[in-house]
Amino acid sequence: MRFWLRSEEMALEEMVRRLDAVSRRTDEIMHQDIVPLCAADIQDQLRKRFAYLSGGRGQDGSPVITFPDYPAFSEIPDKEFQSVMTYLTSIPSLQDAGVGFILVIDRRRDKWTSVKASVLRIAASFPANLQLVLVLRPTGFFQRTLSDIAFKFNRDDFKMKVPVMMLGSVPELHGHIDKSQLTEDLGGTLDYCHTRWLCHRTAIESFAVMVKQTAQTLQGFGTELAETELPNDVPSTRAVLCAHTEKKDKAKEDMRLALEEGRGVLESIGAPLAQGPEHGVNQDQLDNQTTVQRLLAQLRETEAAFDEFWAKHQQKLEQCLQLRHFEQGFREVKASLDVASQRIVTFSDVGNSLAHAEHLLRDLTSFEEKSGAAVDRARALCLDGERLIEGQHYAVDSILPKCEELQHLCAAFAAEVGRRRGLLGKSLELHGLLETSMRWCDEGIYLLASQPVDKCQSQDGAEAALQEIEKFLETGAENKIQEPTQVYKDYESILNPDLMEHVRKVFQKQAGTEEMFRRRQASLKKLAAKQTRPVQPVAPRPEALAKSPCPSPGVRRGSENSSSEGSVLRRGPYRRAKSEMSGRQGRSSSAGDEEESLAVLRRHVMNELLDTERVYVEELLCVLEGYAAQMDSPLMAHLVLPDLHSKKDVLFGNMEEIYHFHNRIFLRELETYADCPELVGRCFLERMEDFQIYEKYCQNKPRSESLWRQCSDCPFFQECQRKLDHKLSLDSYLLKPVQRITKYQLLLKEMLKYSRSCEGAEGLQEALSSILGILKAVNDSMHLIAITGYDGNLGDLGRLLMQGSFSVWTDHKRGHTKVKELARFKPMQRHLFLHEKAVLFCKRREESGEGYEKAPSYSYKQSLNMTAVGITENVKGDAKKFEIWYNSREEVYIIQAPTPEVKAAWVGEIRKVLTGQLQACREASQHRALEQSQSLPLPAAPGTSPLRGTIRNTKKLEERKTDPLSLEGYVGTGPLPKSPEKGRGWSKSSHSPEAPADDADWSSAEEPVNSSDAEEDVGAPPEKLVPGGRSVVVAHVEGGPGALALRSGDVVELVREGHEGLWFVRDPGTGKEGWAPACSLSPHLGKSGSAQCLSSAESSPGSAVLSHSSSCSDGGPAPFAELQG
């Protein structure tokens, strides 16, 4: 580095020296140190041509200055005259000017008085040395004679340092100066053009000024470059290099322009020679040509010196930039390697199972792949540093230690990764052995559990079971762990307390399994041994035959092998006892084996739950890091569509929230139940509220699916999929949360099936119910968000309880007269949403699109406030129908469910809502009654105490509350008693005068109810429509395609019954046939087969009524009108 700096200093000194020479030369040319004048400064005075320097020389080389005839010579200002004289005398070289000037004053056309004045003025103002003054006196006789006389008498006035000679003619002048050194106006042959001379002088001086300025600029630039301190970062170094390069380019451009101008001046000076040899060049022109050539040569040398200096300076800056890049890369790589080294220390876990160890190994491999970029960059940086060192970089002392440090960090990181990989390999090997042993034990337990006890009671069955067991035990040599001490020794490097405990448990299980096999072998060997004990035949007593019970299976087997009836009777009790003993032993052994088998199955389900949970978490992380995070990466920005940046939350939803919940909380808590899988239901119950995040994800899924279909062809997704090496596209992974939440209920069902008799069975059942509830809530919310046209806030309606599609008929009563509208042959298809505060009727729209976009939409039609709703649970004629009526049956909606089960579920849920409202109203009413009875008692009647009214009122409320048949206008759990007023309603009950007024109002709003069931129990049952009979039309029916037009009161014949409540009828009068709704027909004139289910003419509009009674006869529903909305 010192050598390089010294070389740069030497180049700078050489350039400065040459620039100083150029500056001195230009000063000499222009005599700037003596006379700071230029032709451009006095260009106007020089153009007057009252004096000029023709370039001629005297015999001794003295420069000749000519003063031509100039009539206005006396009028020239002294300052202008002095400037011109000074400039002309500064043009010749110092050597020529030192000899002295020859002045030729041409006054041949002037007067003597003017000659005298001119000579005196010149003598007084001439700034340089004079050698000779030659004056051409006037040529006129009188003026010439006068000048001779006057000059003789005034000779003293013309005394100067040099002689002054008065010449009478031009030939006399030629005697003093050669003709070749005089211009044509003085009879000479010297080629002189004043305009051309002025242009040459201006150009030469301009060129000299340019050369001097260029030299000064280069000198200052070189000093600036030499004094510039090298920056310490990449941006500053790059900025300095760019700034210096721009200045260098400008200086080079100035030098190029100066060289072009110098060459132009040189060509202009040599132009007369180019025209022909007859055009000579005077001494001044030769001097000018030589001067310009010397300036050009010095300028080229200066350019070469500057180029050499710049090359060294540029090399220094470029090497500095390379060094700063290397240092910046070193800092970044070192930081990455430090982070990787700190992260590798966290891979201290060796796993608690084979799947866990494989998971850790995959994590280590993934981490190594991600850290491989930092390692590769460190190695590449080392190679760059070595190349800089080989290229004789000036900072070798700084680069070499950094390269060595990077090599050491890479080697240490690779060694640590190798060590961790070796430990995990050991862990995999050990867990593989343990898993193999566990699998062998489980298979053995399966084998023992699968051997039927009854078949093993026979000798052949026992021998077959023994052979099966012995064959299985032969596989133990390669599946069992033989020496525990050897295992501890071989895997000492990875054995921690938990793993040692796991190994111990596996050994215990292996030993227990072997003990089970030994016990089973011993039992089977006893059963397989042949019976050699003799049996003595004994004749039975008669009473023994009478008292002997039915022979057991053992007795029957004995009878088949013996021909003696007595031997059968003697062996029968022995065989029964032995069979019973063997059966009890077999059942005991079978129960233990069955429990062990169930435990193995539970572990299998738990392992599947844990393994799939880990895979699920990894897949979520892969999507978040490989897709979501890459959308914000500057390297991938050019591949992302502009509209996609702002819709990242739409595409991925709250997947990040789901990932953090499972990775940080749920997976870790699941792992704590690995040894007690039957209790895993507690884990789900404790985190059930957290699973609500899936509802938000599923609600956003249609928008995500729609956005994906618009942007699936984006190159960004294809590039991310390529980098992740995924076979499936992003949309498959976006479906993972939906699949996962549905997978839990399947796993819980499996776990519950194998845990019926365990401690955690109840928790598993509760967890399963909760998960199913979440799935239902998610499904319901997906339908709820598809409702359109509802002006209010759906959240104000309370929690969504149920939703489903139904067939709906309507029957509305306007005012006090029930107007039957046109019958509907087909019911309306409506989708009902039951909330806590209202039930919504919507029309399901056609499904369109694909995937989640195919989800239906629902157009809002009408809603009923639950505070004014009543239901009739049973509608005769169809077990799937029930009624919802509104405002004391002003509006009746007959609902047909798809199945009776769906109907029962809806009726039960509505009953719960209405019962809850009733209970709330009862409590509020009782509370108000008690408050008023205590705070504002009414006057007591004569003969009664004030307390009696309050007690009676309270007792009345309690009776209402406890009476199961009087739900006070809200709910009925059985048939209601017959009304005192012929079944049309309850009469108003009289109230005691002591009862408060509020209580009376509330009672009148609650009591009036009636039941058609009560009427049907007392009266005759309604007659049905029968084919072949006659019927009376009770409602007007309009004609249509296939329908017969009828008027109220017409009598028709019933031909046959059709579908959906239609009858094919014939008009006896006209003979026309057609279809008519059954609800418009009655078998008897003046009797209606339709009984009103519940009426509450005196109840408040806000009351809700629930009943089990029927609303329609078997013939069909009453005429209905279309649901408006």
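The values are calculated or read from the model by the stated rules, or taken from the named source; none is laboratory data. Everything numeric here is computed off the predicted structure, so don't read it as measured data. Because the Cβ atoms are built from the backbone with ideal geometry, glycine has one as well, and the counts that use them run over all protein chains shown. Only protein heavy atoms, including side chains, enter the accessible area calculation; ligands, DNA and RNA are left aside. Shrake-Rupley method; radii C 1.70, N 1.55, O 1.52, S 1.80 Å.
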> Taking a threshold of 32 Å on the Cα-Cα distance, which of the pairs Lys247/Lys334; Lys312/Lys402; Lys489/Lys509 fall above it?
Replying inline: Lys247/Lys334
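Exceeding 29 Å between C-alpha atoms, which entries from my cross-link table qualify? They are Lys426/Lys505; Lys861/Lys903; Lys505/Lys736; Lys647/Lys736.
On the way: Lys426/Lys505 19 Å; Lys861/Lys903 22 Å; Lys505/Lys736 36 Å; Lys647/Lys736 20 Å.
As for pairs spanning more than 29 Å Cα to Cα, those are Lys505/Lys736.
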> From the Cα gyration tensor of the stretch 77-119, with a ≥ b ≥ c the square roots of its eigenvalues, which class applies: rounded if a/c is under 1.5, or else prolate if a/b is larger than b/c, or else oblate?
Replying inline: oblate
> Once you put a point 7 Å from the Cα of Gln216 and another 7 Å from the Cα of Glu594, both along the Cβ direction, what distance in nm separates them?
Replying inline: 11.5
> Amide H of Gly1074: which non-local residues (sequence gap of 5 or more, or other chain) have their own amide H closer than 5 Å, using H built in the peptide plane?
Replying inline: Val1065
>> Using protein chains only and a probe of 1.4 angstrom, how many square angstrom of Ser268 are accessible, to the nearest 10?
In response: 50
>> Using a 7 Å offset from the Cα along the Cα-to-Cβ direction at both Ala311 and Arg439, what is the distance between the two label points in nm, to one decimal?
In response: 7.4
> Long-range amide H contacts for Ile871: which residues qualify at under 5 Å (H placed 1.01 Å from N, peptide plane, sequence gap of 5 or more or a different chain)?
Replying inline: Trp885, Val1105, Leu1106, Ser1107
> From the phi of every residue in the stretch 723-731, what ³J(HN,Hα) in whole Hz does the Karplus formula 6.51 cos²θ - 1.76 cosθ + 1.60 yield, where θ is phi - 60° and glycine or proline is x?
Replying inline: 5, 7, 6, 8, 7, 9, 7, 4, 4
>> Could you work out how much longer the chain between Gln699 and Glu227 gets when fully extended? Use 0.36 nm per residue separation minus the Cα distance between them, nm to one decimal.
In response: 163.1 nm
>> I'd like the Karplus ³J(HN,Hα) series for the stretch 863-873: coefficients 6.51, -1.76, 1.60, θ = phi - 60°, whole numbers in Hz, and an x wherever there's a Gly or Pro.
In response: 9, 10, 6, 5, 6, 10, 9, x, 9, 10, 6
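Let's test the formula: R0 of 60 Å, r as the Cβ-Cβ distance of Arg682 and Gln407. What FRET efficiency results, to the nearest 0.05? The partial results should precede the final answer.
On the way: r = 54 Å, r/R0 = 0.90.
The computed FRET efficiency comes out at 0.65.
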> With the calculation restricted to Cα positions, what are the radius of gyration and Dmax of the stretch 628-702 in angstrom?
Replying inline: 17.2, 52
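Using R₀ = 45 Å, calculate the FRET efficiency as 1/(1 + (r/R₀)^6) where r is the Cβ-Cβ separation of Thr195 and Ala373; round to 0.05. Don't skip to the answer; put the middle values down first.
Values: r = 77 Å, r/R0 = 1.71.
After rounding, the FRET efficiency stands at 0.05.
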> Asp649 label point, 7 Å along Cα→Cβ, cut-off 20 Å on backbone N: hits in the stretch 624-643?
Replying inline: 624-625, 627-633, 641-643
>> What's the ranking of 489-501, 896-908, 866-878 by average number of surrounding C-beta atoms within 10 Å, highest first?
In response: 866-878, 896-908, 489-501
> Can you list the HN-Hα couplings for the stretch 827-836, worked out from phi with the Karplus curve (6.51, -1.76, 1.60; θ = phi - 60°), rounded to whole Hz and with x for Gly and Pro?
Replying inline: x, 7, 9, 10, 9, 9, 10, 9, 9, 5
>> Test of the criteria: in the stretch 734-792, which GluC sites (Glu not before Pro) are in a DSSP loop and have at most 15 other Cβ atoms within 10 angstrom of their Cβ?
In response: Glu759
> For Ala128 and Asp249, what is the calculated FRET efficiency with R₀ set at 56 Å and r taken between the beta-carbons, to the nearest 0.05?
Replying inline: 0.80
>> Apply the a/c threshold of 1.5 to the C-alpha gyration tensor of the stretch 389-511 and tell me whether it is rounded, prolate or oblate.
In response: prolate
>> Testing the spin-label approximation: label points 7 Å from Cα along Cα→Cβ at Glu514 and Asp675. State their distance in nm.
In response: 2.3
